[in-house]
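The values are calculated or read from the model by the stated rules, or taken from the named source; none is laboratory data. Because the structure is a prediction, the values reported are computed rather than measured. Using ideal geometry, Cβ is built from the backbone for each residue, glycine included, and neighbour counts are taken over all protein chains shown. Note: accessible area is taken over every heavy atom of the protein model, side chains too, but ligands, DNA and RNA are not part of it. Shrake-Rupley method; radii C 1.70, N 1.55, O 1.52, S 1.80 Å.
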Amino acid sequence: MKLLKHTVDHIKEVLIDATGEIQAKFNTFAIPRGSLGRLEELATIYASIKGTVICTIKHKKIFTMAGDHGVAEEGVSTFPQQVTRQMVQNFIEGGAAINVLARHIGAKVIVVDCGIASHLESQPYLKIKKVGLGTRNMAVGPAMSREEAIRSIESGIELIEEELEDGIDIVGTGDMGIANTTPSSALLSVLGSMDVMSVTGRGTGLDDESLRRKREIITRAITVNQPNSNDPIDVLAKVGGYEIGGIAGLCLGAARYRIPVMLDGFISTAGALIAHAIEPKVNNYLIASHVSAEKGHSMMLKFLNKRPILDLNMRLGEGTGAALGISLIEAGVKLLHEMATFYEAGVSEPHGE
């Protein structure tokens, strides 16, 4: 709890272009005013977080957080639980979608065992931050203890601090965990005071009967555990997941060091909901890469007042959307840093300037 409190106490409020300096710089460039659209917006957010108009993006790191869920035994996913471990191995070997997109944008993928239901050997590209061997079945009792919930958050903060030595300019969040759309839906329902029916989607492709059961399981979990919506750590402990807590910690830790966070999809944004509930100042450090095809994600983004950059009908997770979002924010930052002004380009300024 000490690390969590210290981190939260050191998060400072970010005001987007508080002095107008960033917009003023864009106005000097040899382009029609506002013609870069959201690329200009993204660069402005990044520079505001960094606290300087002179900024670049060199060190891009995507954290793919993995954990298993006891609620999987209720049949809420089309895939068996062992797929979590199998996919983690695929990430480590570089064959997954996130690896391809990370190579495309020049980012480092850091795979993290937050709570896979078996022991993994230490190996390159894998960090062990295991809180437990998967959460317990939230349909019959709390997914984890309060102490485990805090530990999962602090593991995400530790990851940021460990990677600072090599440099981090922007963080991408990602996830892997069979059945993790179930706790994510539960978290949204509780923290957003939303109906389980409206926030729960098909995950990996459930049929109608399985979706009905999934909603029933989430409703039961909330009824059994009675999570306190005013206590985000209690909500995480009762109906959350180790990797979701880890993502919350990434958000908090990055904000503490003024590092922008590019959120991936539904599960990543569930972690962001926890972080925001713990410390609302974290919100302006968060950027929504895309809106997932998973039903509740658009509701999460609306709750956080986030406008996604992309809508590609994706729902893979892993950090894939975050990778694409990072590529676009980097483009915006390069434009801010490298474009010629009207004067430098020898281009006449528009009338009225």
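Points to keep in mind about this one:
- Selected residue (only one of Gly317, Gly332, Gly271, Gly325 is of a type in the set (Gly, Ala, Ser), buried (at least 18 other Cβ atoms within 10 Å of the Cβ) and assigned to a loop (DSSP other than H, G, I, E, B)): Gly317
- A single member of Thr200, Thr173, Thr135 is among the β-branched types (Val, Ile, Thr) and within 21 Å of Ala117 (Cβ to Cβ), and it is Thr135.
- Test: residue in region 49-72 that is open to solvent by less than 20 Å² (accessible area, probe 1.4 Å), under 26 Å from Ala149 (Cα atoms) and touching a Lys or Arg at 6+ places or on another chain (Cβ under 6 Å): yes
- Some residue of region 22-40 being on the phi > 0 side of the Ramachandran plot and modelled with pLDDT of 95 or more: yes
- Scanning region 20-48 for residues that are open to solvent by 40 Å² or more (accessible area, probe 1.4 Å) and charged (D, E, K, R) turns up Glu21, Lys25, Arg33, Arg38, Glu41.
- Leu206 in contact with a Phe, Trp or Tyr (Cβ under 7 Å, 6 or more places away or on another chain) and either closer than 30 Å to Glu330 by Cα or at pLDDT below 95 (or both): no
- Filter result for Asp17 (charged (D, E, K, R) and exposed (fewer than 11 other Cβ atoms within 10 Å of the Cβ)): no
- When Leu250 is tested against (1) within 16 Å of Ile150 (Cβ to Cβ); (2) out of contact with any Phe, Trp or Tyr (no Cβ under 7 Å at 6 or more places or on another chain); (3) of a type outside the set (Gly, Ala, Ser), only condition (2) is not met.
Matching residues to (1) under 24 Å from Gly249 (Cα atoms); (2) more than 19 Å from the chain's Cα centre (by Cα):
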site	(1), (2)
Gly51	yes, yes
Lys58	yes, yes
Gln81	no, yes
Asn90	no, yes
Glu93	no, yes
Lys108	yes, no
Asp113	yes, no
Glu121	yes, yes
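- Exactly one residue out of Glu209, Glu165, Glu161 is within 30 Å of Arg258 (Cβ to Cβ), more than 19 Å from the chain's Cα centre (by Cα) and not in a loop (DSSP other than H, G, I, E, B): that is Glu165.
- Among (1) surrounded by 23 or more Cβ atoms within 10 Å (Cβ to Cβ); (2) within 30 Å of Lys130 (Cβ to Cβ) - the single one Arg256 does not satisfy: (1)
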